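Enquirer: Handing you a structure now.
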Amino acid sequence: MVSDGTLTPEELAERASANGVQIWALTDHDEVSGQARAATAAKAHGMGYLTGTEISVSFAGQTVHIVGLGFDPENAALRQGLRQTRGGRGQRAMEMSEQLARVGIRGAYEGALKFVGNPELISRTHFARFLVESGVCRETNEVFRKFLTEGKPGYVPHRWASLRDAVTWITGAGGMAVIAHPARYKFSPNEEFALFSEFKAHGGLGVEVVTGSHSAAEYLTYADTAREFGLAASRGSDFHSPNESHTELGTLPPLPQNLVPVWDTLASRIQ
Ligand code: AMP
Ligand code: MN
């Protein structure tokens with residue numbers, strides 16, 4: 001509710017617990033204001049809790065997401081960094097709306113705003129919900145095939161945080177930085193190698209191996225990458241909403257063998 005999911009932290013905790021999740025992290029985009037409620041709700045259900053966020057980063061011409069886990073959510077430099085990262089979203093949303101108007105879709109900014117819980121965090125997901133609601137597309141996956149992505153109407157490139165800043169904000173607040181859903185990026189092998197090398201050099205320690213955005217084959221590919229780069233392995237649903245997410249909370253398969261799970265490295269930070 002504080003970024004682009006549709007459920008409250010309490011509803012998510014209940015759902016995660018009902019599905020057998022033992023250690024949970026709420027990872028809103030560029031925002032930590034849901035953390036206290038999520039930690040309290042996790043405790044009420046007897047689940048372990050790790051603080052979480054997912055920072056938008058620009059790297060080699062693409063947007064990469066860096067998950068932070070187990071940090072102090074009150075850390076001033078992290079909060080200031082996230083605020084700065086959120087800052088460009090309003091202007092970008094208006095430019096997205098102008099582009100959509102040029103292909104005959106009017107009122108997209110106002111339409112997307114109706115779905116926004118946190119005015120600083122208007123995202124493509126909110127535009128996708130508007131395009132489904134207004135009947136332009138049948139579902140959000142269709143939206144991202146036809147609109148809002150590179151080369152399609154409504155795509156506005158934006159400069160997010162740098163990789164170095166995102167990793168430094170997270171580690172400076174005592175947390176672990178994790179590369180989110182690496183298979184989703186369209187990097188060449190050289191660019192991907194640069195991403196992992198620079199991430200490690202800045203102090204990044206983990207990679208998402210099992211996620212709702214990866215296929216079973218990709219679990220194995222990134223298990224190898226985790227071993228090759230000496231990174232801890234994470235497992236996350238990327239669950240946004242019961243109607244839009246193909247992966248339900250707590251239903252992903254376990255991590256492949258011979259990996260160090262992020263929750264082992266972060267054991268002392270589990271609340
Ligand atoms: P933004 O941070 O505004 O660029 O929006 C990012 C969000 O858009 C992600 O968290 C996803 O929920 C959604 N998204 C981006 N690309 C896709 C895609 N190809 N399919 C489905 N959802 C997507
Ligand atoms: Mn993501």
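Enquirer: Return the total of residues in the stretch 178-195 being aliphatic (A, V, I, L, M) and either over 19 Å from ARG164 (Cβ atoms) or away from ligand 2 (no atom under 14 Å from the Cβ) (or both).
Expert: So the answer is 3.
Enquirer: Sort out which residues of the stretch 98-108 are assigned to a helix (DSSP H, G or I) and more than 16 Å from VAL132 (Cβ to Cβ), and write them in order of number.
Expert: GLU98, GLN99, ALA101, ARG102
Enquirer: Only residues that are within 16 Å of ligand 2 (Cβ to nearest atom) and over 20 Å from GLU120 (Cα atoms): list them for the stretch 24-83, please.
Expert: Within the stretch 24-83, ALA25, PHE59, GLN62, LEU69 meet the criteria.
Enquirer: Need pairs with beta-carbon distance below 8 Å; first residue more than 27 Å from GLU150 (Cβ to Cβ) and within the stretch 170-187, second more than 16 Å from ligand 1 (Cβ to nearest atom) and of a type in the set (Lys, Arg); sequence gap 6+ or separate chains.
Expert: From the stretch 170-187, the pairs are GLY174/ARG269; GLY175/ARG269.
Enquirer: How many residues does the stretch 2-58 hold that are on the phi > 0 side of the Ramachandran plot and open to solvent by 50 Å² or more (accessible area, probe 1.4 Å)?
Expert: Initially, the stretch 2-58 is screened for residues on the phi > 0 side of the Ramachandran plot, giving 20, 30, 46.
Narrowing further to those that are open to solvent by 50 Å² or more (accessible area, probe 1.4 Å): 20, 46.
The number of residues fulfilling the criteria is 2.
Enquirer: Tally up the residues in the stretch 123-159 that are touching a helix residue (DSSP H, G or I) at 6+ places or on another chain (Cβ under 6 Å) and under 17 Å from SER3 (Cβ atoms), please.
Expert: Summing the residues that are touching a helix residue (DSSP H, G or I) at 6+ places or on another chain (Cβ under 6 Å) and under 17 Å from SER3 (Cβ atoms) in the stretch 123-159 gives 7.
Enquirer: Can I ask one more? If I ask for residues that are over 30 Å from THR51 (Cβ atoms) and crowded, with 16+ Cβ neighbours inside 10 Å, which ones from the stretch 115-154 would you list?
Expert: Correct list: PHE130, LEU131, VAL132, VAL136, CYS137, VAL143, PHE147, PRO153, GLY154.
Enquirer: Report, ordered by the first and then the second residue, all pairs with beta carbons closer than 9 Å, sequence separation of six or more or different chains, a first member in the stretch 96-122 that is on the phi > 0 side of the Ramachandran plot, and a second member that is of a type in the set (Phe, Trp, Tyr).
Expert: Partner pairs satisfying both residue conditions: GLY107/PHE130.
The values are calculated or read from the model by the stated rules, or taken from the named source; none is laboratory data. Values in this document were obtained by computation on a predicted structure and should not be read as measured data. As a convention, Cβ positions derive from the backbone with ideal geometry for all residues, glycine included, and neighbour counts pool all protein chains shown. The area values use the complete protein model at the heavy-atom level, side chains included, leaving out ligands, DNA and RNA. Shrake-Rupley method; radii C 1.70, N 1.55, O 1.52, S 1.80 Å.
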